[in-house]
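Before any comments, here is the structure.
Values quoted throughout were computed directly from the atomic coordinates according to the rules given, and no laboratory measurement underlies them. Quantities reported herein were computed from a predicted structural model and do not represent experimental measurements. Glycine also receives a Cβ, built like all others from the backbone with ideal geometry; neighbour counts cover every protein chain displayed.
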Ligand code: GDP
Ligand code: IMO
Ligand code: MG
């Protein structure tokens with residue numbers, strides 16, 4: 001079986017932590033989309049580590065970690081990530097596999113990302129500037145480079161052809177690439193060389209062979225469902241399929257192989273970058289959430305926008321992903337609040353009340369309708385089972401489960417691996 005783990009909001013829900021917590025139950029952990037726009041934070045044994053492209057099962061021994069075909073991989077960032085892992089003495093040559101069909105981010109993809117954002121001005125997406133959009137663009141245009149291409153004697157020719165097309169676009173945008181490109185290219189080709197010491201494979205075989213052998217695979221989502229290219233807040237989205245279905249195309253597995261779909265959400269909401277955010281708090285409460293939750297991007301360091309939990313969006317993404325279990329993160333961040341709000345419906349400008357997402361959240365100009373809960377106002381450090389949690393938190397959980405129609409299997413009460421409460425037992 002393949003279980004899929006997804007962020008249900010705008011990313012940064014805590015996916016890295018939960019993959020690390022669940023990984024010992026799996027033999028394979030695989031990333032299926034996105035690339036170095038992701039920043040997945042793990043904390044354990046006093047270490048704090050952020051992964052961008054390498055799957056979050058990497059710190060657990062004897063797990064095969066696969067960078068799947070749906071990923072866009074930047075060799076330069078990959079090399080830095082590997083260097084950053086040196087101190088942990090992991091068996092990377094044995095446990096890390098890269099799909100030959102994964103797309104390669106080349107330096108001009110990053111420059112194009114910057115040029116496009118600059119051209120958009122105030123309407124910019126607020127991308128991570130990691131070249132994600134332009135790389136997926138080239139993949140779909142059938143002119144991109146793939147990891148397997150680095151093994152070909154023609155790799156430099158293929159690279160040159162692609163760069164030539166990029167340069168015409170950069171020239172059109174009057175974007176200065178001459179001053180930075182030579183240095184970036186030097187780094188790029190060194191990183192491409194470096195990457196070849198790892199196992200470059202047709203990973204669809206690895207994943208399916210594992211399934212045939214009865215092994216369990218965990219597909220690690222990046223970003224979140226509200227950033228999905230089809231169902232997210234378009235155009236303020238990323239360029240990949242962040243949904244459960246993306247795991248099938250991003251790894252080469254059949255839909256019938258999907259078992260559980262774990263949906264991860266924060267007990268509130270955050271968003272980095274531009275785009276609609278109905279429950280955003282631009283006031284002191286939002287500031288307190290940001291400070292308490294340390295809501296600054298793991299990839300870009302940007303402050304994250306904060307707001308209350310939004311049930312219409314959660315119900316929507318639960319529907320399109322077929323979520324089977326929920327995991328609520330960062331519950332401890334709400335410890336400080338006297339009152340906790342949850343948006344249950346939207347009111348449209350004509351007075352209509354709805355829990356459906358309008359086609360365009362920005363133009364629809366919705367006003368959230370909130371239900372209020374009494375805060376629990378206590379640290380959760382000493383709670384280890386659902387039965388013990390403070391009554392106010394239990395009421396909050398009961399309400400969410402009733403509304404969402406799915407069990408909340410875990411609640412996370414701190415960044416560390418150990419700070420987790422499992423429904424059935426102490427983990
Ligand atoms: P991801 O991209 O979904 O993996 O999430 P990020 O790593 O970008 O952001 C989540 C942040 O919250 C990281 O700094 C985590 O260490 C932290 N975190 C995860 N779970 C919890 C939690 O339950 N409580 C608190 N306070 N922090 C958490
Ligand atoms: P993880 O996996 C939060 C956001 C960017 C921007 C939009 C498009 O850590 O949850 P892109 O660089 O993908 O073209 O940017 O998507 N974004 C993320 N926000 N977490 C992420 O990943 C994100 N990856 C992209 O901020 O708004
Ligand atoms: Mg993140």
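Details
- Mean separation of Cα contacts under 8 Å, 6 or more apart, over the residue count of the range 1-90: relative contact order %: 28
- Using a simple spin-label model with pseudo-atoms 7 Å out from Cα toward Cβ, residue 402 and residue 354 lie 2.6 nm apart.
- Full extension of the chain between residue 364 and residue 50 gives 109.4 nm of extra length, using 0.36 nm per residue less the Cα-Cα distance.
- Where only alpha carbons of the chain are counted, the Rg and the Dmax (Å): 21.5, 65
- Look at where the Cα atoms of the range 267-300 and of the range 315-343 average out, and the two centres are 14 Å apart.
- The range 286-427: C-alpha pair distances exceeding 26 Å, %: 31
- Once the Cβ-Cβ distance of residue 257 and residue 338 is raised to the sixth power relative to R0 = 45 Å, the FRET efficiency obtained is 0.45.
- Here the sum of -39500 (n - 2.57) over DSSP H runs of 4 or more residues, divided by the residues of the chain, equals -9500 deg cm²/dmol at 222 nm, to the nearest 500.
- Normalised size of the range 1-91, defined as Cα radius of gyration per 2.2 N^0.38 Å with N residues, equals 1.02.
- Measuring how big the range 208-344 is from its alpha-carbon positions, Rg and Dmax come out at 16.6, 54 Å.
- Among beta bridges that DSSP assigns inside the range 252-406, antiparallel share in %, nearest 5: 70
- Computed P(r) (all Cα pairs; the range 65-177; 10 Å bins; percent): 13, 40, 31, 14, 2
- Taking label points 7 Å from Cα along the Cα-to-Cβ direction, residue 100 and residue 418 give a separation of 4.6 nm.
- Extension gain, residue 372-residue 161: 0.36 nm per intervening residue step, less the Cα-Cα distance, totals 70.1 nm.
- Mean shadow area of the range 125-164 over all directions, Cα convex hull, nm²: 3.4
- For the range 276-333, the fraction of alpha-carbon pairs in successive 5 Å shells from zero, as %: 4, 15, 21, 23, 20, 13, 4, 0
- Rounded to the nearest 5, the antiparallel percentage of DSSP beta bridges internal to the chain is 40%.
- Working ranking of peptides 119-126, 410-417 by packing, defined as the average number of other Cβ atoms within 10 Å per residue, highest first, is 410-417, 119-126.
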